[in-house]
Amino acid sequence: MGIDLVNLLIRLLLSPRVFAPVVFPGLLTALIVLLIIIWAERKIAARIQMRVGPLYVTRHFGGVLQMLADGTRYMFQEFIIPETADRIPFVLAPVLALVLAILPFAFIPSAPKFAPVTSPLSLPAVLAVLSAIPISVLLMGWSSNNKFSIQGAVREAFMSLAYEIPLFISALSMAILYGTMSLEEMVDKQPIPGFLLNPIAAFTFLVSMVMSAGKLPFDIVEGEQEIVAGPYVEYTGIIFGIGMGLAYLKLYALSLVYTIIFLSGWEPLPEVLYRFYPGVAGIFLFAKAFLLMLFVVFLRSVYGRYRLDQAIRIGWRIYFVLSVISLVFSVGVKVITCV
Amino acid sequence: MLSMSSDIVSSKLLFREGDESAYELFIGPQHPSSGHMRFIVRLRGDIIVSVDPDIGYVHRTMEKLAEGREAIKAIPLLERLTIIDSHNATVALVTALERLLDAEPPPRALYLRTLLSEINRIASHLYGMGIAGIMLNHSTMFMWAFGDREVWLQLAEELTGARLTHTYSIPGGVRRDLPQGFKERFEKAARYMEKRLEDYMKIFFRNPQVASRYEGVGVLRKSEAQKLGIVGPNLRASGVKYDARLADDYCAYSELEFEVPVREEGDCMARMLVRVEEIRQSLSIIRQVLDKMPSGPILAEKYLKLLPPKIREQATRSGHVKFPGVFATLKLPAGEAVARAEMGHGEIFYHVVSDGSAKPYRLRVVTPSFRNVVLFRYLPPGHRFMDFPAIYGSLDYFPPESDR
């Protein structure tokens with residue numbers, strides 16, 4: 001009886017419905033990625049800027065556990081709810097944002113036939129969930145009832161209008177090219193990596209992704225030099241940590257999607273690992289996504305911040321147009337290959 | 001003149017007193033990019049309609065404190081005006097005291113003062129550029145400028161014994177002679193700096209993102225700059241060729257050849273590029289100083305002979321002058337004297353009045369940041385809110401200097 005229960009638990013854990021969203025590439029991996037990518041960002045920037053970067057926590061490993069130490073500190077910090085804040089949305093909005101940032105992992109496959117939720121519409125599902133995050137950020141800023149956080153919330157609203165549309169259209173142009181909206185099938189439909197099939201869409205998606213994740217040069221929502229921390233200005237402790245991690249979770253989810261759409265996902269599939277257990281066969285998917293994230297966080301060392309109106313103008317006048325061109329390009333390619 | 005300049009300022013404001021439809025933001029004094037002061041920024045939508053620089057947050061009664069102590073002690077006190085540029089901030093005070101005391105410093109001392117002034121100017125400009133960088137959230141520019149500033153602080157330390165509070169110039173001369181091998185070490189630093197300035201151009205000034213934030217933003221026209229009484233690189237970026245190093249005779253500037261960089265655009269980018277060019281000019285000035293440096297004493301004969309013979313001999317041998325005891329009670333002859341000097345931020349002006357005692361009766365100082373603070377009220381209205389840090393950074397404003 002006991003052995004049956006253990007077997008049942010193991011089978012449950014190893015089923016794609018649990019393993020993919022919870023262990024790899026989902027929640028657990030996402031948290032580790034969160035710790036490592038923030039460390040890597042700081043180390044890369046430090047290297048370029050003639051500094052050392054994080055060092056003192058686990059000195060032999062270059063301070064890699066610094067973020068864990070910071071996170072632990074956040075855990076034990078008092079969580080202050082300001083008198084003037086709207087209590088319920090103030091507490092609920094970060095939770096909602098976190099849930100929405102984790103939810104996409106339910107749709108992202110990590111290996112052939114290893115998707116948590118097999119859906120022919122997994123691509124729009126991921127994008128739809130991610131595009132709901134700005135609403136919760138708006139709620140965070142508004143319920144804080146602070147002048148700086150309201151400014152930040154309004155910026156988030158403006159920015160989401162600027163990047164969501166190019167992001168969607170460039171993703172959908174690839175869906176047209178592949179003839180499917182399922183992330184799993186998209187990988188099979190790439191004889192050569194997708195960014196070679198439609199480079200315009202790849203570029204537009206990349207920039208929209210950077211905008212969406214609020215990384216430099218588009219970290220306008222947080223805008224430290226003007227509005228301190230934007231929507232997160234009144235948050236303390238672990239909830240502030242969530243606000244900080246939110247951008248990275250979003251970046252991770254979008255990097256996985258980018259890898260699947262444009263970088264031929266988990267190909268080349270390691271056969272040995274796949275036969276051993278399909279859940280761990282997605283290491284190339286993970287490696288490509290991680291490298292992409294490293295590139296995005298590297299931009300911090302090169303750029304400053306664009307102005308809000310400039311970013312919106314870039315979004316609408318350049319990347320919206322480019323995404324429409326990529327759509328036309330995809331249709332063109334599709335027509336030619338069909339003939 | 002005063003009413004004229006206030007007319008110019010109010011002509012730019014888009015906001016009437018008592019208008020409550022504007023969104024009021026208090027930037028500072030506890031704010032990542034306010035510095036030691038508060039700005040009351042009023043917005044309509046994303047457009048700044050008015051900025052009130054609320055000065056005085058770090059007012060330390062410098063002028064009053066200087067009245068209460070012997071004249072010589074005003075030097076280390078007034079260094080604290082602008083700790084990043086402390087020799088330039090006090091060299092004019094020393095010049096004014098010398099004019100009052102009728103003490104002529106020997107030529108070598110003048111050259112040494114010039115040397116430290118230019119080292120200070122480079123360090124000050126690097127500081128300002130770093131702050132301007134982080135105000136655009138460009139952390140690389142910030143770290144690079146602050147890291148490279150260290151090179152110049154170390155050179156200054158070698159020359160004077162202190163990284164920031166040098167107290168190098170004293171009435172009648174300087175405290176220390178040039179250390180051995182300084183020229184080689186400077187040459188190494190200068191070559192490094194020239195290479196780094198190219199790097200700055202690549203990562204920051206020619207970066208399309210930075211250019212889009214700076215070009216055409218915060219434009220100060222020539223006529224406006226003249227009427228508002230702006231000084232320093234901010235003035236020269238608007239096309240006015242005015243530099244206190246040329247206007248007043250102090251240090252050894254009259255014997256050196258250098259250009260005063262001027263730009264016509266008057267925008268944030270021009271203000272930053274004038275500073276870059278000034279660093280290049282400073283390097284050339286220091287080269288000339290080290291080549292032309294005359295030999296001789298570093299303290300005026302008048303004070304040197306007051307020293308006991310043993311110490312006098314030691315001073316000439318080691319090149320270190322201890323503060324002669326006589327300085328502590330130096331009586332300032334009754335009268336007044338003025339002097340000015342060009343700091344990294346602009347022209348600093350001293351007016352020393354003496355009634356014949358050891359303490360100055362009145363010590364008035366007009367600092368460059370104090371004269372430039374009006375730009376906060378004048379430049380930002382009509383710009384986007386996010387232009388505010390860009391303009392602030394480009395002005396190289398230093399609150400403690402303005403507040404005194």
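Residue A:319 - would you say it is part of a helix (DSSP H, G or I) and either surrounded by 20 or more Cβ atoms within 10 Å (Cβ to Cβ) or β-branched (Val, Ile, Thr) (or both)?
yes
Can you tell me which condition residue A:197 does not meet? The list is (1) within 19 Å of the chain's Cα centre (by Cα); (2) modelled with pLDDT under 85, and all the others hold.
So residue A:197 meets the others, but not (1).
Here is a list: A:202, A:247. Which entry is outside any loop (DSSP other than H, G, I, E, B) and either within 21 Å of residue A:89 (Cα to Cα) or touching a Cys at 6+ places or on another chain (Cβ under 8 Å) (or both)?
A:247
Which one is surrounded by the most Cβ atoms within 10 Å (Cβ to Cβ), of the residues in region A:221-257 that are on the phi > 0 side of the Ramachandran plot and within 14 Å of another protein chain (Cβ to nearest Cβ)?
Looking at the filtered set, the residue picked out is A:230.
So is residue B:392 in contact (Cβ under 8 Å) with a residue 12 or more places away in the chain and within 14 Å of chain A (Cβ to nearest Cβ) or not?
Spelling it out, residue B:392 is indeed in contact (Cβ under 8 Å) with a residue 12 or more places away in the chain and within 14 Å of chain A (Cβ to nearest Cβ).
Conditions tested, residue by residue: (1) under 30 Å from residue A:283 (Cβ atoms); (2) basic (Lys, Arg); (3) in a helix (DSSP H, G or I).
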{"site": "A:52", "(1), (2), (3)": "no, no, no"}
{"site": "A:71", "(1), (2), (3)": "yes, no, yes"}
{"site": "A:83", "(1), (2), (3)": "no, no, no"}
{"site": "A:114", "(1), (2), (3)": "yes, no, no"}
{"site": "A:123", "(1), (2), (3)": "yes, no, yes"}
{"site": "A:129", "(1), (2), (3)": "yes, no, yes"}
{"site": "A:134", "(1), (2), (3)": "no, no, yes"}
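Being more than 14 Å from chain B (Cβ to nearest Cβ) and buried (at least 24 other Cβ atoms within 10 Å of the Cβ) is true for just one of A:168, A:195, A:218, A:205. Which residue is that?
Answer to the check: A:205.
State all residues of region B:210-234 that are within 14 Å of chain A (Cβ to nearest Cβ) and either without any contact (Cβ under 8 Å) to a residue 12 or more places away in the chain or of a type in the set (Asp, Glu) (or both); if no residue qualifies, say none.
Correct list: B:212, B:215.
Quick one: is residue B:191 more than 14 Å from every other protein chain (Cβ to nearest Cβ), in contact with an Asp or Glu (Cβ under 8 Å, 6 or more places away or on another chain) and of a type in the set (D, E, K, R)?
no
Scan B:99, B:113, B:108 and give me the residue that is more than 14 Å from every other protein chain (Cβ to nearest Cβ), surrounded by 21 or more Cβ atoms within 10 Å (Cβ to Cβ) and either without any contact (Cβ under 8 Å) to a residue 60 or more places away in the chain or not hydrophobic (A, V, I, L, M, F, W, C) (or both).
On inspection, the qualifying residue turns out to be B:113.
Which one is farthest from residue B:326 (Cα to Cα) among residues in region B:268-313 that are under 28 Å from the mean Cα position of the chain (by Cα) and of a type in the set (Gly, Ala, Ser)?
Filtering region B:268-313 for residues that are under 28 Å from the mean Cα position of the chain (by Cα) and of a type in the set (Gly, Ala, Ser), the one farthest from residue B:326 (Cα to Cα) comes out as B:270.
If a residue must be touching a Ser or Thr at 6+ places or on another chain (Cβ under 7 Å) and farther than 30 Å from residue A:121 by Cα, how many such residues does region A:209-266 contain?
Number of matching residues: 5.
Please work out which residue is nearest to residue A:329 (Cα to Cα), limiting yourself to region A:174-192 and to residues that are of a type outside the set (A, V, I, L, M) and buried (at least 19 other Cβ atoms within 10 Å of the Cβ).
Filtering first and then ranking leaves A:178.
Which condition breaks for residue B:34 when tested against (1) within 30 Å of residue B:217 (Cα to Cα); (2) among the polar types (S, T, N, Q); (3) part of a helix (DSSP H, G or I)?
Single failed check for residue B:34: (3).
Look through region A:296-314, keep the residues that are charged (D, E, K, R) and either under 14 Å from residue B:137 (Cβ atoms) or within 7 Å of chain B (Cβ to nearest Cβ) (or both), and return whichever of them is surrounded by the most Cβ atoms within 10 Å (Cβ to Cβ).
Here the answer is A:305.
Checking residue B:87 against (1) in the same structural domain as residue B:337 (by TED's automatic domain parsing); (2) outside any helix (DSSP H, G or I), which single condition isn't satisfied?
(2)
The values are calculated or read from the model by the stated rules, or taken from the named source; none is laboratory data. Here the structure is a predicted model, which is why all the values come from computation and not from measurement. Using ideal geometry, Cβ is built from the backbone for each residue, glycine included, and neighbour counts are taken over all protein chains shown.
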